[in-house]
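Have a look at the structure below, then the notes.
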Amino acid sequence: FLETTAYFCMKPKMGEKEVSPHSFFSIWHEFSSDFKDFWKKENKLILQERVKEAEEVCRQKKGKSLYNIRPKHDSGIVSKNCSNT
């Protein structure tokens, strides 16, 4: 514990000889909860960007048809019956 507090350059509060676990972990808890909130927000933004990119790819693929649609020809029983009357 003491090595960890020294690594993070924690200084004891006024009137204390050493850094107490309570003071260290209260700061650590605050940091980790802030980090978690920012992490969630950043992941949400990345997800939104990826969804937009995927939608754009879909729009581009829909614009480029892989097949051609030909107009319907007037051939068949219905067209022959209509022209005979």
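Observations on the model:
- Scope the stretch 18-44; condition open to solvent by less than 90 Å² (accessible area, probe 1.4 Å) and either more than 18 Å from residue 7 (Cα to Cα) or in contact with a Cys (Cβ under 7 Å, 6 or more places away or on another chain) (or both); matching residues: 33, 34, 37, 43
- Of all residue pairs spaced 6 or more apart or on separate chains, none has beta-carbon atoms under 9 Å together with a first member in the stretch 16-40 that is in a helix (DSSP H, G or I) and of a type in the set (A, V, I, L, M, F, W, C) and a second member that is surrounded by 11 or more Cβ atoms within 10 Å (Cβ to Cβ) and at pLDDT 90 or above.
- Check on residue 56, without any contact (Cβ under 8 Å) to a residue 24 or more places away in the chain, open to solvent by less than 90 Å² (accessible area, probe 1.4 Å) and in a helix (DSSP H, G or I): yes
- Among (1) among the β-branched types (Val, Ile, Thr); (2) under 23 Å from the mean Cα position of the chain (by Cα); (3) modelled with pLDDT under 95 - the single one residue 5 does not satisfy: (2)
The values are calculated or read from the model by the stated rules, or taken from the named source; none is laboratory data. As the structure is a prediction and not an experimental result, all values here were calculated from the model. Positions of Cβ are backbone-derived with ideal geometry, glycine not excepted, and every protein chain shown enters the neighbour counts. Accessible surface areas use protein heavy atoms only, side chains included; no ligands, DNA or RNA. Shrake-Rupley method; radii C 1.70, N 1.55, O 1.52, S 1.80 Å.
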